[in-house]
Structures are given as C-alpha cells and as structure tokens.
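Input: a single structure, listed below in structure tokens.
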Amino acid sequence: MREGLTDIVADRAPEYSVVGTDSMFKVIFTRDGQAPETGADVDRAETERWERLFWPAMKEQGVFLTPNQFESQFVSAAHTEADIEEALAAYREAL
C-alpha cells in the first residue's frame, strides 16, 4: 500500500509525503515534500485542504479515512489485493 501511495503521490502531488512503517501509513499534505519531524513541520502541513477537499473525496469513493491527516491508516491481512487496488485508485482520483 505504501509503495503504491508513494508512486501516486510522486506523480500527482510531489509536494506531499507518504510516511509509515509496516502496515501503518499516512499521506501528509506537506508543502515541501518532506515528512514532518517537528511540531513546526506539522503546523506547515495543509490540514485545511485535507479536511475540506481530500477527506470528503475519499469518503465519497468508499474509502473512509480518519478525518485527521496525522492519524495513521492501516492495512491488515483481511484486506485483499482488490481492496488495496480500490483504495489506491481512490487516492489517485482524490489527489
């Protein structure tokens, strides 16, 4: 999932960052392509864009993310390849 998101973000929104480890991930709407490391970095993220545009667009496509861009999303063994491809398609469309 993170690999696919990284490719999509690089193509559609290179100023944003994909972060995470193992089955946890998130896309951070940073302005400089760098993952936030400090509180000041987090303050520079485009939180309003996430809440107003991206989160509703994903929900409309059937992918329900946390409404806070700084909370991790997860994949599990219950997710099929088709589920992941559907989520990636939604990300591609919403970004």
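The values are calculated or read from the model by the stated rules, or taken from the named source; none is laboratory data. Fair warning: this is a prediction, and the values are worked out from it, not measured in the lab. Ideal geometry is used to build each Cβ from the backbone, glycine not excepted, and the neighbour counts take in all protein chains shown. For accessibility, only protein heavy atoms count, side chains too; no ligands or nucleic acids. Shrake-Rupley method; radii C 1.70, N 1.55, O 1.52, S 1.80 Å.
Of note:
- Apportionment of accessible area to carbon and sulfur, the chain, percent (1.4 Å): 49
- Residues residue 93 and residue 42, FRET efficiency given R0 of 35 Å [Cβ-Cβ distance, rounded to 0.05]: 0.85
- Placing +1 on each Lys and Arg Cβ and -1 on each Asp and Glu Cβ, with no other charges, gives the chain a dipole about its Cα centre of roughly 200 debye.
- Among the trypsin sites (Lys or Arg not before Pro) within the chain, those in coil by DSSP and having at most 16 neighbouring Cβ atoms inside 10 Å are 31, 44.
- Shown here for the chain: GluC sites (Glu not before Pro) in loop regions (DSSP other than H, G, I, E, B) with at most 13 other Cβ atoms within 10 Å, namely 15, 37, 71.
- The chain, relative contact order in percent, only Cα pairs under 8 angstrom and at least six apart counted: 29
- Chymotrypsin sites (Phe, Trp or Tyr not before Pro) within the stretch 28-95, DSSP loop, no more than 15 other Cβ atoms inside 10 Å: 64, 70
- Solvent-accessible surface of the chain, averaged per residue with a 1.4 angstrom probe and all protein chains in place: 60 square angstrom.
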